[in-house]
Structure formats: structure tokens, C-alpha cells
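K.L.:
Attaching a single structure in C-alpha cells format; questions to follow.
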Amino acid sequence: MILPQSSGHIVNNVQVDPGAEYQVLASVTEARCTNVTCTGAADFIKMGTKFPGTFPLSLNPVGLDFKVLTDIRIPGAITTKGFKTNLTGAGSAILGLTALADGYYAPVPTTAASKFYYWNLDIDLAPLLNPNVREVSITLAKARWLNKSGQCRYDVRGFVHDPIGTTGLSVALYRADATGAKIPTAPVISTVAVTSLGDIFGKWDVSTTTSVNPALINVTTGCPVNVRAEITATPTVFTAEPLTLRIDPLFDQFAP
């Protein structure tokens, strides 16, 4: 449901199933971080939302505790627009910032001990790990193999960070191997201009279809195993993490 801003409606209750994967959008209401990733023994980030099994916000105004996943199979991370952050000493600096968490809810009924465990927590405008470095991120990567026409359709997007501004920058998208390294013999998939967001950030979006070269692709899907984004600049090409996301291929057997 989308409500007009002028209506003044506020979402104050989010219903989720325990253990299921969710995205939760809320504001940071309380935080204590003693290291870069906010994973110290006494570190915490709370966000202003309530779930079944927790006290109502009227009784627990600091909201729900969000904890990073420590499972090595899904290492948790805190980012801003896909860029790594430095939350050392962060408390008041991130209060009120909007955050989007990907993870699952673990309730402890009738207590305030319930938690939301995340593998990614994107806090908008949180302090950057590399504030003085030009960076590019990928926040979405999708591909569809149009095997009837021998083509691969890409939908990839992300952001650019530049301490002196993003006006005039471009991003090139390449095929990459299983390690994320650019395939040197593969042509560029697409080069697009960065849209400045009016500050040190810009966004980019690739939506294109290219012919499939069997010598340069994953033979199972017909599309690359990975893609890699790079900022094009003269005379240097700047690269930074995160650059690569595995493409989840969608098969389209009967596409024209």
C-alpha cells in the first residue's frame, strides 16, 4: 500500500513470519559501534519498527535490535548505496538515518529480546570506509538468456562515489570470470553515463541485450558467470569493492 505523503499516515507495525527472508525499511533509533563493522561484543543498532513478540514502540521506543549474521556462508555487511562503511564510534552520527535490512526475524515472545538478523544493512548516508576514494558499486544484477535468438539481456545497476563529485563520469560493464576478474578478451557489455545525485554520489543503470559469444560465457546459462563494473576516467580507470555480483539467469526459451 502506498499512501500520499500529505496524508500523514505512518506505518507502525510490520507483520513477518519468523525465519522467513525479509527486507525491512526503518530509521535508526539507537546505536553503539566500537569497530568498523559494528560487531563488537556490546555493539548494537536498533531501528524504529515493531514485530510480533516485541513490546509496542510506546513501551520500547528504541525499536528492534538488528544484528549482523555471523554465518561464514552468508557474511553480513553494512553498506551505504552498496559501499562499505566505517561505523567506528558511530552513535549519534547515524541516528535518524533510513536503513534497509535484508535478513530474517528471530522472535522471543513477550520480551524485548527479539532480533532481526541481517546479511546486508544499507544505511543511507552512513560514514564511508573510503571517503576520499572514487568507488563504484553494483546493487542489482540480473540476466536473461534469450536462447532462441542467441542473446543475453542484462539489467544491472549501482552507484558511484567521488569525493569531488560525479558529474561527467561513466561506468563500463564487463563480463567477468568466477573470481570476479574482467575477461580481457571480452568486449564491453555497455558503457553508460552516471546520473549525478547532486552531491558526492551518482547512480548508473545498464539495461541492454547483447549477442552471446559461446567462447566467453558460462556454457550452462549462455550468460556470464559474473559481471564487473568500472569507472572510466582519463588516464586512470578506478575500481573499488564491491564490483561483482553473480548473475541469476532467467531462462526464456521462446523469446523472439
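K.L.:
Outside the structural domain of residue 207 (by TED's automatic domain parsing) and either among the β-branched types (Val, Ile, Thr) or over 17 Å from the mean Cα position of the chain (by Cα) (or both): does that describe residue 113? Please lay out each step first, then the result.
P.N.:
Details: outside the structural domain of residue 207 (by TED's automatic domain parsing): yes; either among the β-branched types (Val, Ile, Thr) or over 17 Å from the mean Cα position of the chain (by Cα) (or both): yes.
Judged against the criteria, residue 113 is a match.
K.L.:
Could I ask something else about it? Listed residues 37, 88, 70; which is under 20 Å from the mean Cα position of the chain (by Cα) and either hydrophobic (A, V, I, L, M, F, W, C) or modelled with pLDDT of 85 or more (or both)? Even if it seems obvious, please write down each step before you answer.
P.N.:
Values: 88 fails: under 20 Å from the mean Cα position of the chain (by Cα); 70 fails: either hydrophobic (A, V, I, L, M, F, W, C) or modelled with pLDDT of 85 or more (or both).
Sole residue among the options that is under 20 Å from the mean Cα position of the chain (by Cα) and either hydrophobic (A, V, I, L, M, F, W, C) or modelled with pLDDT of 85 or more (or both): 37.
K.L.:
Anything in region 141-158 that is under 14 Å from the mean Cα position of the chain (by Cα) and free of Cβ contacts under 8 Å to residues at least 60 places away in the same chain? List them, or say none.
P.N.:
Step one: list which residues in region 141-158 are under 14 Å from the mean Cα position of the chain (by Cα), which gives 141-142, 156-158.
Of everything in region 141-158, just one residue is under 14 Å from the mean Cα position of the chain (by Cα) and free of Cβ contacts under 8 Å to residues at least 60 places away in the same chain, namely 157.
Residue-wise test of (1) of a type in the set (Gly, Ala, Ser); (2) more than 22 Å from residue 229 (Cα to Cα); (3) touching a strand residue (DSSP E or B) at 6+ places or on another chain (Cβ under 9 Å).
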residue	(1), (2), (3)
84	no, no, yes
101	yes, yes, yes
107	no, yes, yes
118	no, yes, yes
130	no, no, yes
133	no, no, yes
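Residue-wise test of (1) closer than 17 Å to residue 231 by Cβ; (2) in contact with a Ser or Thr (Cβ under 9 Å, 6 or more places away or on another chain); (3) acidic (Asp, Glu).
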residue	(1), (2), (3)
140	no, no, no
145	no, yes, no
158	yes, yes, no
166	yes, yes, no
177	no, no, yes
183	no, no, no
189	yes, yes, no
194	yes, yes, no
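K.L.:
I've got another one for you. Within the group 156, 206, 133, which residue is within 25 Å of residue 88 (Cβ to Cβ) and either surrounded by 14 or more Cβ atoms within 10 Å (Cβ to Cβ) or β-branched (Val, Ile, Thr) (or both)?
P.N.:
On the way: 156 fails: within 25 Å of residue 88 (Cβ to Cβ); 206 fails: within 25 Å of residue 88 (Cβ to Cβ).
None of the others qualify; the one that does is 133.
K.L.:
What is the one condition in (1) under 21 Å from the mean Cα position of the chain (by Cα); (2) of a type in the set (Gly, Ala, Ser); (3) surrounded by fewer than 15 Cβ atoms within 10 Å (Cβ to Cβ) that residue 82 does not satisfy?
P.N.:
Failing condition for residue 82: (3).
The values are calculated or read from the model by the stated rules, or taken from the named source; none is laboratory data. As the structure is a computational prediction, the values presented were derived from the model and not from experiment. Note that each Cβ is placed from the backbone with ideal geometry, even for glycine, and that neighbours are counted across all protein chains shown.
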